[in-house]
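Asker: Structure in structure tokens, see below.
The values are calculated or read from the model by the stated rules, or taken from the named source; none is laboratory data. Because the structure is predicted, anything quoted here is derived from the model rather than measured. In this analysis, Cβ positions are derived from the backbone assuming ideal geometry, glycine residues included, and neighbour counts consider all displayed protein chains. SASA here: full protein model, heavy atoms, side chains in, ligands and nucleic acids out. Shrake-Rupley method; radii C 1.70, N 1.55, O 1.52, S 1.80 Å.
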Amino acid sequence: MEVNLKHKAIALLSRREHSSYELAQKLSRYTQDLNLINETIAFLKEKDLQSDLRFLEYFVHSHSKKWGINKILLSLKEHRLDDSVLSKIHEFIQTDESELAREIWENKFHGIKPSDLKQKAKQYRFMISRGFKPDIIRKIID
């Protein structure tokens with residue numbers, strides 16, 4: 001039984017935005033014909049059903065309340081977006097990164113500054129894992 005890739009892709013996109021690379025990966029489960037997959041994605045882009053820019057906006061909006069810009073950028077690299085699309089990331093980030101970092105740090109550590117080097121390292125690692133820049137972390141922890 002042959003799967004209609006356009007219907008499958010539209011069903012995937014109806015749930016949430018997908019990057020063109022991610023969509024191609026998901027469609028490859030149903031066929032190994034790369035030309036058919038590329039044609040399907042081109043059709044979806046032509047009809048404005050799939051947009052990497054819309055995906056970028058969705059991704060940034062859904063992750064910017066818990067991650068810093070570094071982690072967002074690192075995660076977006078997995079989606080292999082064009083540099084022209086990635087360059088527009090700052091249009092979608094609406095929070096000040098230092099304020100967000102302070103808020104996340106206070107929620108996690110209840111505003112308690114580290115008392116020793118071990119605690120300081122633990123807090124620093126946590127904040128780095130969330131994608132915040134070292135200078136922002138130092139201002140909060142020190």
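Asker: So, in the range 130-142, of the ones that are assigned to a helix (DSSP H, G or I) and in contact with a Lys or Arg (Cβ under 8 Å, 6 or more places away or on another chain), which residue ends up surrounded by the fewest Cβ atoms within 10 Å (Cβ to Cβ)?
Answerer: Checking each candidate, the answer is I141.
Asker: Does K113 satisfy the condition of being outside the structural domain of K6 (by the TED database), within 15 Å of the chain's Cα centre (by Cα) and either part of a loop (DSSP other than H, G, I, E, B) or surrounded by fewer than 15 Cβ atoms within 10 Å (Cβ to Cβ) (or both)?
Answerer: no
Asker: Pairs, please: C-beta under 6 Å, at least 6 apart or cross-chain, first residue farther than 21 Å from I72 by Cα and in the range 116-142, second in a helix (DSSP H, G or I)?
Answerer: Pairs that qualify, where the first residue is farther than 21 Å from I72 by Cα and the partner is in a helix (DSSP H, G or I), are I141/Q123.
Asker: Now for a different question. Of all helices (runs of 4 or more DSSP H) completely enclosed by the range 1-101, which ones contain at least 3 residues that are under 16 Å from the mean Cα position of the chain (by Cα)?
Answerer: 20-27, 52-63, 69-77, 83-86
Asker: Sticking with this one: Kindly list the number of the only condition in (1) open to solvent by 60 Å² or more (accessible area, probe 1.4 Å); (2) free of Cβ contacts under 8 Å to residues at least 40 places away in the same chain that fails for R16.
Answerer: (2)
Asker: Note down all Cβ pairs under 7 Å where the first residue falls in the range 30-43 and is more than 13 Å from S20 (Cα to Cα), the second is charged (D, E, K, R) and surrounded by 15 or more Cβ atoms within 10 Å (Cβ to Cβ), and they're at least six residues apart or on different chains.
Answerer: Short answer, once both residue conditions are applied: Y30/K8.
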